[in-house]
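Asker: Following this message is one structure expressed as structure tokens.
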């Protein structure tokens, strides 16, 4: 039965024949014939063609488009390409020097010394200049959080404020003790805030502790003069300086300021040259610059000081103090003969020294000693005695202004220790200090801290201490927040933020204000405090504030102090150390690393030690005689143990060191500082001991010093130490110089030449470097590195010999091995007139320009390295790897290091040569500005990065075509010479002969 | 050689038993048969070394020159040593084929082909190093003065640019000279071909040579001219390579003795390499009938002579360093003899000055094992000569503050090995596809069939 609605297509379908049944559901009545294809099917063809298109498209793919968007509303003060400079204050150590911060397009990229600053006067040390890298440290904490077993769980500030606030309120309610442990703070406003904050807690205390604090000076002053202060030492008035272990050019109190003043007293041309005598148990930077050097056992400095006093008072009967029986009787056991016998120093030398001191009374200064040295308090009292009998007190050593650096008190620290032991501390807040790392082993701080119910760290990373805390509330970097400082009485400086906080951090002070419930904000608090307590003038405060922001500091009127009278009773505090025969270990803060706070700073890690030229490590320095006696070779690993601690360290043989001394730097061996500094070197802090209420790290008796049979390679940037009789260093003595300014000169014969000389119609840039002024502090090296985007290569590459510093400081020894003379020579591209590099480059990538500069054209450089081979000064640096981009290198560019780079010059790629340009970008900038103003560049307008920061003004740059410029006068100076002049390279860099005060 | 009456009796240059047919059959045999096991062993070693070198070089390109042992004072090391070494190796080839040709030294005929091939491959190998040792090898072409829109030009004062010209000219002339000399022999190979493809290739390569008198006439003239062109190149190339050092100001490099010293050294090392290669080739391709002990002995004599020349140069350098009174020069030579790289200096002295002295003894001069070992030692010695010159001058130059040491890495050594692989791979392939002995020239000096007409030959 067929449905009426059934539609049929054919009769076959209607009748459902067999044929039809077969074709049901098929597309074609008969199956399509499969074509015999021998070559390629259409589908295959399309597939391949598609793939082909894809591949060709992939090849020509552009990189992802990165849009740059110009300012829509340009901030008024920011012009792209023009740097803005802000004054600020260096927070790298408690000397707090004045800074100016260079910002480009809103990011700080370089710091320099503030020329107007009354203390540092434009100088800045290596650490200060490297501070900017700490801001961009990728290992900083990105925000606050809870810390559990060293693991960070991020949290919001609001949550933490509530949580910590509740806990603090609880503690306040229960009368628990809150201790705020900070580093040495010189900020008056922060201290005020801390006082206000702690006021809420009945049992609270503010303890400050830093590894390097001159507490013994303050205590010594208290005993001798009744004032617990660190006096101010005025080197500009000192003709004769006796340093009993004080490394005032390197790390002692305020090295930049001292170096500046010291160098001003040593300009041979002015006919006056101060004399520096060092009596040291460890060879410091200052010791290497001494005119005469006496090495003693640690602890014997006191005896030397007393013997000098004995000679002056008892033997020569010179000072008015001779009458004082209390003093003379105390001094009686310290005759020069006896002391010379005990210390092994020549009696003659000590007598001469006493004589010289007396000759320069009132115009000399006696300094003592290494911070935390052996018997440091005794030495301070002896030094005070000397300064008083020599009438230096009140003249070169003054009580006003006094330094605010001794903020810490070991008594407080020991008290805290006792409290921690007894479990008396309910909350410990830790800011800017790292006690777990830098306290002695027997302090056991890492265990004690774990007993405290609430530990909050303000550290910018989970360092050794912060990782044991409960909350990490990272404070801003100094470049990100407001602060102030009061380095010496009457001088107040400001820290200005130069960038928004990079991460979700908050300044320590803001955090305290928040917990205090004060909503004003730190900036207002600071400003109000300045208005209320600091500013003493009559001007409108706002105007004053603006002005202070521009100058960076405010100086109150202070009344100069007069001589204080020495209290002979203080001599009773001198303890006598007798007959130490064993080896003594002395620790010291190194010039590059100080107490180790910036151990994650790659610039500082790669900065060679000024004396040993070792990078990326600490080591045990040992005298050559001792090494010979023990048959030790450089790089051998020894195991050294004292009463408190033992450690394995590689050996470095250090001429001039006392044979009974072994020394090692602190600040290494950090465990939780970041990718750069972790496990670099060994931590020597645990060797410290507590003695008579003092932390001591000088003259620790060594119980055993044994070879381990292991070897270790120290990454040294200079392996050879003598000049081999070549005309590299020229020197003379001050006496000779006064008779004949050209004494000590050696000049190569000038030979006739067929070649026309370079003609300079406009400028001709040149440099003069005064070897007499250079103290080898390495400040210029970091300045150069920071200005010129010089890469960091890491320890392995330094070991191979591929350090990239454009400017290095060569250090040479001369004379006898046990007490050699030491000379520093900054070495950079000499911009030769007859440059050996220029003729050999096959592609003209290095050329002489019409202003006397030897230019390196990076993008033309093929990298044959012929120029470097032919450079007699070996100042050219080759990019063996892509040090800026390759992840294997410490400072490879990643967030946020990219913001640090100076946009005025390129980051050199792998395979090209680079070298000093005389800060071409600065010359360019000054020339542009002069052109805009229709004048020529003035002398002193261009300061190269190395010159700017030099604390001793050893480097002068300028136009040699201008006969009035300082540099062309120095070039013609009788002291001027060129390094290896006999090669006839005719450098634009003139060195000024070293004048020694022999 | 002996003299009988007024007649000089010389040793036959080719085994007198050989016929003309033998020459073709023997020389072409390696071309026409499946390679022997010995060839395969050599080839696998060579290409394996090349592979190692290439892999390391690739990694070096990827990561940077830092993988080498170079550092701040020592900007040139093993690579430039290799460059000078391989250029030196190339010298014997041109000397044998061009200078000995002009001087009508008939003993050259059996060895000139392979020596020239060696030159070509050695110069190719040498040419690699200046390119790969640059920091940015992808821009190495900038060393050529090519017109460009940036109007950048090369520095004609730089010896490296002179090098570019000297080496590329040398390579071009050597290649032409070699190829021209090959044409008649390629035609012979073509005529023996059975395979069509093979025949086609050799037909193209033989440039239509049919052996007509006119062809021979042109050939002889062209060959003579090219020989005359190549001759000064033998002297100029290594002189210019020596300028790389002599023109600089480094003590130990800045020396006027360098051009003749380097040329003598190049010939010395070149002959040593020819001896090394021919000792192997005689063995592997069974060519003892053509490359006889007489050839080898002659080459050993040249090595003895040039060895003493370089020995003289070594001593003269020391003397001048002392005599000049230049403190840097004095220091650098004292440092070579007794400094941290003294081992390299003494390897050089032993291998280059002492070892060749054994060739005073005729028996040793004609002993294959002795000359093989001696030639290898001389090659090593000459490599270390360049190493000593380059590295000792650099590692302690003017300012003692930058003195350092130089330790080559596995990349330096591996790529050096690769350069040997590169050279030998080419050489072995050459032995398989082109006649290693100049057949037609050998036939010209054969006595076969000439005796009947009364001493037509010599």
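The values are calculated or read from the model by the stated rules, or taken from the named source; none is laboratory data. Note that the structure is predicted; figures quoted are calculated from it, not measured. Neighbour counts run over all protein chains shown; Cβ positions are idealised from the backbone, glycine included.
Asker: From A:900, A:891, A:905, which residue is within 29 Å of residue A:599 (Cβ to Cβ), surrounded by fewer than 18 Cβ atoms within 10 Å (Cβ to Cβ) and either more than 14 Å from chain B (Cβ to nearest Cβ) or out of contact with any helix residue (DSSP H, G or I) (no Cβ under 7 Å at 6 or more places or on another chain) (or both)?
Answerer: Testing whether each residue is within 29 Å of residue A:599 (Cβ to Cβ), surrounded by fewer than 18 Cβ atoms within 10 Å (Cβ to Cβ) and either more than 14 Å from chain B (Cβ to nearest Cβ) or out of contact with any helix residue (DSSP H, G or I) (no Cβ under 7 Å at 6 or more places or on another chain) (or both) leaves just A:905.
Let's see how each residue does on (1) more than 26 Å from the chain's Cα centre (by Cα); (2) assigned to a strand (DSSP E or B):
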| position | (1), (2) |
| --- | --- |
| A:587 | no, yes |
| A:599 | no, no |
| A:607 | no, no |
| A:626 | yes, no |
| A:655 | no, no |
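Asker: Separate question: Collect the residues in region A:262-288 that are over 13 Å from residue A:250 (Cα atoms) and assigned to a helix (DSSP H, G or I), keeping them in residue-number order.
Answerer: Listed by number, the residues that qualify are A:263, A:264, A:268, A:269, A:270.
Asker: Would you check which residues across region A:938-963 are over 18 Å from residue A:826 (Cβ atoms) and not in a loop (DSSP other than H, G, I, E, B) and list them?
Answerer: Scanning region A:938-963 gives a single hit, A:959.
Asker: Given the criteria more than 9 Å from every other protein chain (Cβ to nearest Cβ) and more than 27 Å from residue B:424 (Cβ to Cβ), does residue B:147 qualify?
Answerer: Considered against the rule, which asks whether it is more than 9 Å from every other protein chain (Cβ to nearest Cβ) and more than 27 Å from residue B:424 (Cβ to Cβ), residue B:147 comes out as yes.
Asker: Could I ask something else about it? Would a scan of region B:58-66 turn up a residue that is within 14 Å of another protein chain (Cβ to nearest Cβ), under 27 Å from residue B:400 (Cα atoms) and out of contact with any helix residue (DSSP H, G or I) (no Cβ under 6 Å at 6 or more places or on another chain)?
Answerer: Within region B:58-66 (the criterion being within 14 Å of another protein chain (Cβ to nearest Cβ), under 27 Å from residue B:400 (Cα atoms) and out of contact with any helix residue (DSSP H, G or I) (no Cβ under 6 Å at 6 or more places or on another chain)), the answer is yes, since at least one residue qualifies.
Asker: Taking the condition more than 20 Å from residue A:677 (Cβ to Cβ), modelled with pLDDT of 90 or more and surrounded by fewer than 20 Cβ atoms within 10 Å (Cβ to Cβ), does residue A:637 pass?
Answerer: Yes, satisfied.
Asker: Let me ask something else. Looking for whichever is assigned by TED's automatic domain parsing to the domain that holds residue A:243, without any contact (Cβ under 8 Å) to a residue 60 or more places away in the chain and surrounded by fewer than 23 Cβ atoms within 10 Å (Cβ to Cβ) here; the options are A:321, A:358. Which one fits?
Answerer: The conditions single out A:358.
Asker: Being more than 19 Å from residue A:788 (Cα to Cα) and at the interface with another protein chain (Cβ under 9 Å from one of its Cβ atoms) is the filter; apply it to region A:872-887 and report the residue that is surrounded by the fewest Cβ atoms within 10 Å (Cβ to Cβ).
Answerer: My answer is A:872.
Asker: Across region A:822-839, what is the total count of residues that are at the interface with chain B (Cβ under 9 Å from one of its Cβ atoms), in contact with a strand residue (DSSP E or B) (Cβ under 9 Å, 6 or more places away or on another chain) and not in a strand (DSSP E or B)?
Answerer: Residues in region A:822-839 being at the interface with chain B (Cβ under 9 Å from one of its Cβ atoms), in contact with a strand residue (DSSP E or B) (Cβ under 9 Å, 6 or more places away or on another chain) and not in a strand (DSSP E or B): 1 in total.
Per-residue answers, yes or no, for (1) outside any loop (DSSP other than H, G, I, E, B); (2) surrounded by 21 or more Cβ atoms within 10 Å (Cβ to Cβ); (3) within 13 Å of another protein chain (Cβ to nearest Cβ); (4) at pLDDT below 90:
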| position | (1), (2), (3), (4) |
| --- | --- |
| A:790 | no, yes, no, no |
| A:806 | no, yes, yes, no |
| A:809 | yes, yes, yes, no |
| A:813 | yes, no, yes, no |
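Asker: Still on this model: Restricting to region A:716-746, count the residues that are assigned to a loop (DSSP other than H, G, I, E, B) and either within 14 Å of chain B (Cβ to nearest Cβ) or out of contact with any helix residue (DSSP H, G or I) (no Cβ under 6 Å at 6 or more places or on another chain) (or both).
Answerer: Residues that pass the stated criteria total 20.
Asker: Going through region B:371-397 one residue at a time, which ones are farther than 20 Å from residue B:84 by Cβ and crowded, with 24+ Cβ neighbours inside 10 Å?
Answerer: Result: B:371, B:374, B:396.
Asker: Need pairs with beta-carbon distance below 6 Å; first residue within 14 Å of chain A (Cβ to nearest Cβ) and without any contact (Cβ under 8 Å) to a residue 60 or more places away in the chain and within region B:121-133, second buried (at least 24 other Cβ atoms within 10 Å of the Cβ) and assigned to a helix (DSSP H, G or I); sequence gap 6+ or separate chains.
Answerer: From residues that are within 14 Å of chain A (Cβ to nearest Cβ) and without any contact (Cβ under 8 Å) to a residue 60 or more places away in the chain, the pairs are B:130/B:83.
Asker: I'd like to check which helices (runs of 4 or more DSSP H) are fully inside region A:358-460 and have at least 3 residues that are under 27 Å from residue A:249 (Cβ atoms).
Answerer: A:376-389
Asker: Which residue out of B:376, B:304, B:315, B:309 is assigned to a helix (DSSP H, G or I) and free of Cβ contacts under 8 Å to residues at least 12 places away in the same chain?
Answerer: Just a single option satisfies the conditions, and that option is B:315.
Asker: Restricting attention to region B:310-336, which residues are away from every other protein chain (no Cβ under 14 Å) and either surrounded by fewer than 14 Cβ atoms within 10 Å (Cβ to Cβ) or over 24 Å from residue B:263 (Cα atoms) (or both)?
Answerer: B:315, B:319, B:322, B:323
Asker: Which of the residues that make up region A:853-869 are closer than 19 Å to residue A:917 by Cβ and buried (at least 21 other Cβ atoms within 10 Å of the Cβ)?
Answerer: A:853, A:854, A:856, A:861, A:863, A:865, A:867, A:868
Asker: Go through (1) in contact with a helix residue (DSSP H, G or I) (Cβ under 9 Å, 6 or more places away or on another chain); (2) surrounded by fewer than 24 Cβ atoms within 10 Å (Cβ to Cβ); (3) in a helix (DSSP H, G or I) for residue A:329 and report which single condition fails.
Answerer: With respect to (1) in contact with a helix residue (DSSP H, G or I) (Cβ under 9 Å, 6 or more places away or on another chain); (2) surrounded by fewer than 24 Cβ atoms within 10 Å (Cβ to Cβ); (3) in a helix (DSSP H, G or I), residue A:329 is out only on (1).
Yes or no, residue by residue, for (1) away from every other protein chain (no Cβ under 14 Å); (2) modelled with pLDDT of 90 or more; (3) in contact with a strand residue (DSSP E or B) (Cβ under 7 Å, 6 or more places away or on another chain); (4) closer than 22 Å to residue A:114 by Cβ:
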residue: A:911; (1), (2), (3), (4): no, yes, no, no
residue: A:915; (1), (2), (3), (4): no, yes, yes, no
residue: A:929; (1), (2), (3), (4): yes, yes, no, yes
residue: A:947; (1), (2), (3), (4): yes, yes, yes, yes
residue: A:994; (1), (2), (3), (4): yes, yes, yes, no
